[in-house]
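Report on the following structure.
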Amino acid sequence: MFTTTVCAALSAAGLAIALLTAYRRRFRRATKIAALSLVPVGLAMAGLVKLGGKVGKATGDWATDLVFKPSVWGGFGVLAVAVVLWVAQRFAGERAKRKAGGGAAAAPAAAPAASQPALGAGRAGKSRGSAPATTGRRGSGSGSGSGDEDFSDIEAILKKHGI
């Protein structure tokens, strides 16, 4: 009785976390969490886990329960659903990687000049003693036109992730 209560509480907490994760639109991760949270209750229903008391049943008792108790069948069914969910999220992840892999070769993940500091020229100008009004962002970015490119890159990344 204690084992079933603990396993049910663990599974309920895991399923609640999976629902919150799905609410955040992270469905693959939610599927993985749901699959893992079904394992404790499946093991308890199948009679494969025992907390406290006698360590284990005799083989004949467990086999008798397997044949005559539908709850043991249900436990194996819950474990099967957990395995199916786990495999489904793995296949969905591989499919997403293949789908993203085709478009990733055409456009780089980040612009080549993205690692350069945005205010590097402005700070260098201030240390040399020039006026702050002439060394602002507009002065350093207007010649290269990198401001528009940065926003288009950000838009492309957000569209790629569906945001």
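Read-outs: derived from the displayed coordinates by stated rules, not from any lab. This structure is a prediction, so every number in the text was calculated from the model and none was measured. Here the Cβ positions follow ideal geometry from the backbone for every residue, glycine too, while neighbour counts run over all protein chains shown.
Taking amide H as placed 1.01 Å from N in the peptide plane, LYS69 has no amide H partner under 5 Å among residues 5 or more places away or on another chain. Applying the Karplus relation 6.51 cos²θ - 1.76 cosθ + 1.60 with θ = phi - 60° to the range 32-40 yields 3J(HN,Hα) values of 5, 5, 5, 4, 5, 6, 7, 4, x Hz, where x marks Gly and Pro.
Spin-label model, THR4 to VAL81: label points 7 Å out along the Cα-to-beta-carbon direction sit 1.7 nm apart.
Spin-label model, ALA156/ARG24: points 7 Å from Cα along the beta carbon direction are separated by 2.8 nm.
Order 38-46, 4-12 from most to least packed using the mean count of other Cβ atoms within 10 Å.
Packing proxy ranking, top to bottom: 38-46, 4-12.
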